[in-house]
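Step one of this worksheet: look at the structure below.
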Amino acid sequence: MIKLFLMTGSLFCMLSVMLGAFAAHGLKSRLSEYSLGVFKTAAEYQMVHGLALIALAILIKWGINLSWAGGFFIAGTLLFSGSLYLLALSGMKWLGPITPLGGLCFIIGWIVILVQVARFKF
């Protein structure tokens, strides 16, 4: 899990920077202000949860069982950010209901961290 979370977190962060730059330079003239904001929100949440995955790998190395949190962060990023990227680029409104499922995954992941850290004996 440690290697998976480190690699996935790094990939998410790298792609977030690339997609954010693409939005700022390549999409600025092609998307509405609203769609550009949606795209930037996707990149922001992807970066935050990519960094969180890297942090989880370190905490797992310390012995805190956070594998479930990492799984929820990966699922959340794919569902939340993925649906927002597609929504911003395609305008397909049916993607809208997928986004909250990703948000729910993020919330569950953070709850798992809270519970597992509270239980851990430092």
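All of the numbers you see were taken from the coordinates with simple rules; none came from a lab. For clarity, every value in this text was computed on a predicted model and none was experimentally measured. Note that we place each Cβ from the backbone using ideal geometry, even for glycine, and neighbour counts take in every protein chain shown.
Qualifying trypsin sites (Lys or Arg not before Pro) in region 27-92, where qualification requires a DSSP coil assignment and no more than 10 other C-beta atoms within 10 Å, comprise 30. With the helix formula -39500 (n - 2.57) applied to DSSP H stretches of n ≥ 4, the chain reaches a computed 222 nm mean residue ellipticity of -25500 deg cm²/dmol. Rounded to whole Å, the principal axis extents of the Cα atoms in region 1-41 read 40, 15, 8, largest first. The count of lysine pairs in the chain with alpha-carbon distances below 27 Å, taking only pairs 8 or more places apart or on different chains, stands at 6. A Gaussian network model of the chain, with springs between Cα atoms under 10 Å, assigns the largest mean-square fluctuation among 76, 63, 103 to 63.
For 15, 104, 114, what's the fewest-to-most ordering of other Cβ within 10 Å of each Cβ?
Values: 15 18, 104 15, 114 11.
Arranged by neighbour count, lowest to highest, 15, 104, 114 become 114, 104, 15.
Residues considered: 32, 81, 67. Largest GNM mean-square fluctuation over the chain, using C-alpha springs under 10 Å, is found at 32. If every alpha-carbon in the chain counts as one equal scatterer, what log10 I(q)/I(0) does Debye give at q = 0.11, 0.17 1/Å? Taking Cα atoms of the chain as identical point scatterers yields -0.39, -0.80. Reported value for region 36-90: 46 Å³ per residue, from the convex hull of its C-alpha atoms.
For the chain, modelled as a Gaussian network with Cα springs under 10 Å, which listed residue fluctuates most, 88, 75, 21? Top of the fluctuation ranking is 21.
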